[in-house]
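Colleague: Here it is: the structure, laid out below.
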Amino acid sequence: MLAALTQLLLFQLIGEIIARSFGLPIPGPVIGMALMFLFLVLRGGPDEGTKTTANTLLQHLSLMFVPAGTGVMLHFQRMADEWLPITAALLGSTFIAMAVTALVLKALSPKTGGEQA
């Protein structure tokens, strides 16, 4: 588990270095995640240690929202002042994400010749 966690953090560090070195507008952890995905694809998938570590992190995913919730409470007055653009952005981005997900699912789903059962 320690080796897999170290691997996750190394890919995040590599992503941060790339993002800061080239001044990219993409967050370092996102770049690191893409690099780790490519690494795992080339390696043929994750090993058991990586799977166990990922599942353990997923079980405690709700803890990752504590800093965001704290930030919301810290800037509550600003959010109250700007509730309309925040709401519009949240709704708009949610519908766009749903539409893109549906289009990707439709594009990647196997085509059937007849009626569905």
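The values are calculated or read from the model by the stated rules, or taken from the named source; none is laboratory data. Predicted model, so just to flag it, every value in this text is computed and none were measured. In this analysis, Cβ positions are derived from the backbone assuming ideal geometry, glycine residues included, and neighbour counts consider all displayed protein chains.
Colleague: Take the residues in region 51-75 that are of a type outside the set (A, V, I, L, M) and at pLDDT below 90; name whichever of them is surrounded by the fewest Cβ atoms within 10 Å (Cβ to Cβ).
Modeller: Going through region 51-75, the residues of a type outside the set (A, V, I, L, M) turn out to be 51-53, 55-56, 59-60, 62, 65, 67, 69-71, 75.
Cutting the leftovers down to at pLDDT below 90 gives us 62, 65, 67, 69-71, 75.
Details: SER62: 7, PHE65: 10, PRO67: 9, GLY69: 9, THR70: 10, GLY71: 11, HIS75: 12.
Residue satisfying both the conditions and the ranking: SER62.
Colleague: Any residue at all in region 15-28 that's among the basic types (Lys, Arg), surrounded by 12 or more Cβ atoms within 10 Å (Cβ to Cβ) and part of a helix (DSSP H, G or I)?
Modeller: Pass one, region 15-28, residues among the basic types (Lys, Arg): 20.
Narrowing further to those that are surrounded by 12 or more Cβ atoms within 10 Å (Cβ to Cβ): none.
The answer is no, given that none of the residues of region 15-28 is among the basic types (Lys, Arg), surrounded by 12 or more Cβ atoms within 10 Å (Cβ to Cβ) and part of a helix (DSSP H, G or I).
Colleague: Okay, next question. What do you reckon, is THR70 within 19 Å of the chain's Cα centre (by Cα) and within 30 Å of LEU5 (Cα to Cα)?
Modeller: In short, no.
Colleague: Right, something else. Is it the case that LEU40 is surrounded by 10 or more Cβ atoms within 10 Å (Cβ to Cβ), over 16 Å from the mean Cα position of the chain (by Cα), free of Cβ contacts under 8 Å to residues at least 12 places away in the same chain and in the same structural domain as ALA4 (by TED's automatic domain parsing)? Let's see the steps before the verdict.
Modeller: Working: surrounded by 10 or more Cβ atoms within 10 Å (Cβ to Cβ): yes; over 16 Å from the mean Cα position of the chain (by Cα): yes; free of Cβ contacts under 8 Å to residues at least 12 places away in the same chain: yes; in the same structural domain as ALA4 (by TED's automatic domain parsing): yes.
Taking the combined requirement at face value, the residue satisfies it.
Colleague: Evaluate region 94-116: report whether one residue or more is surrounded by 10 or more Cβ atoms within 10 Å (Cβ to Cβ) and in a loop (DSSP other than H, G, I, E, B). Break it down into steps so the answer makes sense when it comes.
Modeller: Step one: filter region 94-116 for residues surrounded by 10 or more Cβ atoms within 10 Å (Cβ to Cβ), giving 94-104.
Those still in the list that are in a loop (DSSP other than H, G, I, E, B) too: none.
Checked against the condition, which is being surrounded by 10 or more Cβ atoms within 10 Å (Cβ to Cβ) and in a loop (DSSP other than H, G, I, E, B), region 94-116 yields no hits at all.
Colleague: Looking at region 77-92, can you tell me whether even one residue there is among the hydrophobic types (A, V, I, L, M, F, W, C) and part of a loop (DSSP other than H, G, I, E, B)? Reasoning before the result, please.
Modeller: First, the residues of region 77-92 that are among the hydrophobic types (A, V, I, L, M, F, W, C): 79-80, 83-84, 86, 88-91.
Subsequent filtering for residues that are part of a loop (DSSP other than H, G, I, E, B) retains none.
No, region 77-92 contains no residue that is among the hydrophobic types (A, V, I, L, M, F, W, C) and part of a loop (DSSP other than H, G, I, E, B).
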